[in-house]
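Taken together, the values in this text are just the output of simple stated rules run on the coordinates, not laboratory data. None of the values given here were measured: they were computed from a predicted structure. Neighbour counts are summed over all protein chains in view; Cβ atoms, including those assigned to glycine, are modelled from backbone coordinates with ideal geometry.
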Amino acid sequence: MLRTVVSLMLAISCASAQAVASDEQAVKDTLAAYEDAWSRHDPEAVASFYYEPELRVSKGGPNVRPTRTEQKVFFAGFLPSLIERGYSDSAWESLEVRLLDDQTAIASGVIVRHRAHDTVLERVAVTYALRSTPDGWKIFMSATHAPDSALHFR
């Protein structure tokens, strides 16, 4: 009897750990697809990764973008300015994810933005809060900061 109970508890624990790992990977996959949208220079696709309202925190302070239209307008203005600086594409250098519950995750890492010919334009850290929706994981908070301040989870 005790052996059966212990086996059942281990099976439940393993299944739970597998579900967490699967959800964490889904968040990572979402953020990889998000960076692909940036690399395609597609502001509408970039905006589609957000849950509205969205809170953006930067050196200038917090800014709320309450609608998808405002998301599109922001990215349609920001992306060309980045391209003018030489931006070609971007990729995650590091990315860590922590599930807070079955619907909420925190992700933090370093993105490398490249120029043409794979030279580095800049490295930036970004921390996101995401929510699981019927349409997949969506960003509802983002903060850009120095690469050495990216969050690391134990």
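Compute the helix-to-body angle for 2-39: its Cα long axis versus the longest principal axis of the chain, expressed 0 to 90° and rounded to tens. Orientation of helix 2-39: about 10 degrees from the principal axis. Computed over the chain, the per-residue total of -39500 (n - 2.57) for DSSP H runs of n ≥ 4 gives a 222 nm mean residue ellipticity of -13500 deg cm²/dmol, rounded to 500.
Extension gain for the segment Thr133 to Arg68, taken as residue separation times 0.36 nm less the Cα-Cα distance, is 21.9 nm to one decimal. Subtracting the Cα-Cα distance of Ser39 and Ile83 from 0.36 nm times their residue separation leaves 14.8 nm of extension gain.
The length gained on full extension between Ser22 and Glu96, counted as 0.36 nm times the residue separation minus their Cα-Cα distance, comes to 25.3 nm. With a cut-off of 12 Å between beta carbons, the residues surrounding Phe140 carry a summed charge of +2, where Lys and Arg count +1 and Asp and Glu -1. Taking the longest Cα principal axis of the chain as reference, the axis of helix 68-84 is set at about 60 degrees. First select every other residue whose beta carbon is under 13 angstrom from the beta carbon of His114; then total the charges, Lys and Arg +1, Asp and Glu -1. So the surrounding residues net to -1.
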